[in-house]
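**Q** Pasting a structure below so you can have a look.
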Amino acid sequence: MSVSEVTVSDGNSASEAVTPQILVTEGHVRAALAADKGAEARLTAWKVVDFTKKGDNYACVVSSVEVTYELDGQSSEVVYVVKLNACRNDTMTEFLNSIIYEKETKFYSSLAPELNTVLKEIGQREINVPKCLHVSLEKGKEILFLEDLRRRGFKMHDHRRGMDTAHTNLVLRELARLHAAAFLLEHKHPGEDMMGKYPFLKRNWSDMLVESREMLKLIEDGIKFAQEMLAAVGGYERAVAWLDTFVPKLLDVFHKQMECGEPKVVCHGDCWTNNLLFRYNDEGHPVDVMLLDMQLVRYGPPATDLSYFLYTATTGDVRRPNLQAFLECYHGALTGIMEAAGQEAPFELTQFIKDFKEKILFGAIYGMLSAPIAISNSADEMVSSRDTDDGIEGMLRRARAGVMGTLDSNPMLGPRLLSLFDELMELGLIT
């Protein structure tokens, strides 16, 4: 754990290292404290404390700020989570920074309040996302202050373990809440162009792959690595041959999967295990979920959000026998919210199941990319990109190297990767 501490009375930091953590200034801390506790709260001391594990952070660095303050004659403490520019110069990170901070900050500042308003108007609770307390978008020094959900009992699910049905259903219901709120917001303002009002929703994965050759190559390399694993395991020759024809069509696949089909809705865009936190009861059962990292929020078919989540966060032995029930869970939750507003669901269950099956390739692509992360045997294989100079590409390269050495003995290979291709063949998507 790294710590840099500042006592406000002298204003000097104990750490002068050039790290993302040094982007946190007293001005940022004061602004976050005032937004959280009010203008009367007096900052007395603060320190930056890292708490995430290796492999948890990719495009940005997540740390925390522990704050001591005085209010009404009482000394108190509070902790904020901070998302920081990773301070790397690789083109991939710079490209992502040009997108993700604008998307996330504008989601919290302009879109989330309106979504929550339409939910509260029909007696529904707000969307489960953290409170955003302060934002700075100075180029190269971007920073977000968010509430620390650990204090409310939320914690991360291990990304190496697939989610069971209880975790999965919680996430599906929360995605349904997000999507339903977006439908209701559009109904409240008929004829209004969502992407015109919220232009940060325009860019999606297909646009980003056209704009960035490095990102396209990253995804192509991930699919080719899945192909290498299949070839090494054996018995998947049909899938290996199919991937040879699939990779050259990747841009077209993304466009069709993300742009085609109606209706469209505000989507999380990056809903997988590392972007979710769960709260548990005394028996250890999950009872609540928080959606994190709205960095790739977009406007698109709702089935793509579900496809992305189900094929990155669940294993085949959970997903395959429960797929119909999962889709029914989502549709039931969405329908319930729409009916509470006196509106009909925007699509029937049978139509949604059809839409989902047409969007499976989108989730499958990210299932292939996430497989090395999920089946890595140790955190050392997934050294965070912030700990090295070779960025996201290097992090994935190290994970792949570690995975290839354990294919014969890794118990996660079948549930994570092989079952994905079994499904694609059963559905006739691999021909």
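Only the coordinates and a few stated rules stand behind these numbers; no lab work does. Here the structure is a predicted model, which means the values were calculated and not measured. Note that we place each Cβ from the backbone using ideal geometry, even for glycine, and neighbour counts take in every protein chain shown.
**Q** In whole Hz and in residue order, list the ³J(HN,Hα) couplings for region 150-158 that follow from phi through the Karplus curve 6.51 cos²θ - 1.76 cosθ + 1.60, θ = phi - 60°; x for Gly and Pro.
**A** Couplings: 4, 5, 9, x, 8, 8, 7, 7, 4 Hz.
**Q** Still on this structure, please answer the following. What number comes out for the charge environment of GLU126, summing +1 per Lys or Arg and -1 per Asp or Glu over other residues with Cβ under 12 Å away?
**A** Once all neighbours under 12 Å are counted, the net charge is +1.
**Q** Something else: If one puts a single equal scatterer on every Cα of region 94-202 and applies the Debye formula without solvent, what log₁₀ I(q)/I(0) results at q = 0.09 Å⁻¹?
**A** Rounded to two decimals, the profile gives -0.31.
**Q** Then there is this: Assuming R0 = 45 Å, what is the FRET efficiency of LYS197 and SER75, from their Cβ-Cβ distance, to the nearest 0.05?
**A** Efficiency for this residue pair is about 0.55.
**Q** Express in whole angstrom the spacing between the alpha-carbon centres of region 166-192 and region 59-78.
**A** Distance between centres, Cα-based: 33 Å.
**Q** Report the local net charge at GLY284: Lys and Arg +1, Asp and Glu -1, summed over other residues whose C-beta lies under 15 Å from its C-beta.
**A** After counting each charged neighbour, the total is -2.
**Q** Can you tell me the 0 to 90 degree angle between the C-alpha axis of helix 349-358 and the longest principal axis of the chain, rounded to 10?
**A** 80
**Q** DSSP loop trypsin sites (Lys or Arg not before Pro) in region 25-129 with at most 10 other Cβ atoms within 10 Å of their Cβ, which ones?
**A** Listed in order of number, the matching sites are ARG125.
**Q** Quick check: pseudo-label points 7 Å beyond the Cα along Cα→Cβ at ARG42 and GLN324, how many nm apart are they?
**A** Using points 7 Å along Cα→Cβ, the separation is 6.7 nm.
**Q** How long are the semi-axes of the ellipsoid equivalent to the chain, from square roots of 5 times the Cα gyration tensor eigenvalues, in whole Å, largest first?
**A** 35, 28, 20
**Q** Can you list the lysines whose alpha carbon is less than 25 Å from that of LYS139, not counting same-chain residues fewer than 8 positions off?
**A** LYS47, LYS83, LYS103, LYS106, LYS131, LYS197, LYS202
**Q** So how compact is region 154-285: Cα radius of gyration and Dmax in angstrom?
**A** Every Cα atom of region 154-285 included, Rg and Dmax give 19.0, 55 Å.
**Q** Can I ask one more? If one takes the longest principal axis of the Cα atoms in the chain, at what angle in degrees, from 0 to 90 and to the nearest 10, does the Cα axis of helix 360-375 lie?
**A** The helix 360-375 is inclined about 60 degrees to the chain.
**Q** Here's something else I'd like to know. Could you give the length gained by full extension between GLU66 and LYS131, i.e. 0.36 nm per residue of separation minus their alpha carbon distance, to one decimal place?
**A** That works out to 21.7 nm of additional length.
**Q** Let me ask something additional. With N set to the residue count of region 210-346, report its C-alpha Rg divided by 2.2 N^0.38 Å to two decimal places.
**A** Normalised Rg, Cα atoms only: 1.27.
**Q** Would you mind checking the tilt of helix 165-188 against the longest principal axis of the Cα atoms of the chain, expressed as 0 to 90 degrees and rounded to 10?
**A** 80
**Q** Right, another one. Using the alpha-carbon centroid of each, what span in Å lies between region 105-153 and region 293-364?
**A** 23
**Q** With only Lys, Arg, Asp and Glu charged, each at its Cβ (+1 for the first two, -1 for the last two), find how big the charge dipole of the chain is about the Cα centre; round to the nearest 20 debye.
**A** Here the size comes out at about 220 debye.
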